[in-house]
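Single-structure report; data block below.
The numbers here are math on the coordinates, done by the rules we state, and not lab data. On a predicted model such as this, the values are computed, not experimentally measured, just so you know. With ideal geometry, Cβ positions are generated from the backbone for all residues, glycine too; neighbour counts draw on all protein chains shown.
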Amino acid sequence: MVARDAVARLEDALETNQYDILRYFERRMATEDAADALGDLMLTAWRRVDTLPVDVEQARMWLFGIARLVQSNSARGDQRRHRLTDRLRTALVAAGQHTAAADHGLEVRDAISRLEPDQGELIRLVHWEGFAIADAAAILDIPASTARSRYQRARSDLAEAFSSHDTARSHL
């Protein structure tokens, strides 16, 4: 049976730290996945409430330790999905069941998803939504100079990804 005191301390700790933890997740994963990760953290914290430290700062560190584990599990899942996607793409190409146009669209989305989340969102805002870099910077709440440097880095990373993919494809 869970002690009411532990439940109350957990509720207080989560209420006090939820926005910091959400920002922690947003800096490490796709923004759309951050809220789900926060939900996973809350579920895990509830399951482990008996180990919640009494000290407020220790409780905060305990929550961030759980956040690190949740983020790590999410990253491993992403890696498994990317490997599976690569294997399926290779199998489809080998079977001749994958059109070049469909493959290109998948390749673009896949390459963008592999960028740092902030870079990927910047590329999407500029190229898919039609915003100028300065406008995208305002949407992302970052300085325009930061957006320009992230944009250049993202373009370089994408060019490298497509270059290496074209090289690999020529060997098929």
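Values as computed for the structure displayed
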{"read-out": "Residue among Ala138, Ala154, Ala30 with the largest mean-square fluctuation in a Gaussian network model of the chain, springs linking Cα atoms under 10 Å", "value": "Ala138"}
{"read-out": "Footprinting exposure proxy for Asp157, Asp55, Asp78 (fewest neighbouring C-beta atoms within 10 Å first)", "value": "Asp55, Asp78, Asp157"}
{"read-out": "GNM flexibility winner over the chain from Ala136, Ala159, Ala45 (Cα, springs under 10 Å)", "value": "Ala159"}
{"read-out": "25 °C / 0.890 mPa s Stokes-Einstein diffusion coefficient of region 4-76, Kirkwood radius on C-alpha pairs, µm²/s", "value": "203 µm²/s"}
{"read-out": "Within a Gaussian network of the chain (alpha carbon springs, distance under 10 Å), most fluctuating of Ala132, Ala161, Ala75", "value": "Ala132"}
{"read-out": "Computed [θ] at 222 nm, deg cm²/dmol, the chain (DSSP H ≥ 4; -39,500 (n - 2.57); rounded to nearest 500)", "value": "-27500 deg cm²/dmol"}
{"read-out": "Counted charge near Glu129, where neighbours are those whose Cβ lies closer than 11 Å (Asp, Glu -1; Lys, Arg +1)", "value": "-1"}
{"read-out": "Gained length - Arg89 relative to Ser145, 0.36 nm times residue gap less alpha-carbon distance", "value": "16.4 nm"}
{"read-out": "The chain: equivalent-ellipsoid semi-axes (sqrt of 5 x gyration tensor eigenvalues, Cα, Å)", "value": "39, 22, 11"}
{"read-out": "GluC sites (Glu not before Pro) within region 29-129, DSSP loop, no more than 13 other Cβ atoms inside 10 Å", "value": "Glu129"}
{"read-out": "Principal-axis tilt of helix 56-95 within the chain, Cα atoms, nearest 10 degrees", "value": "20 degrees"}
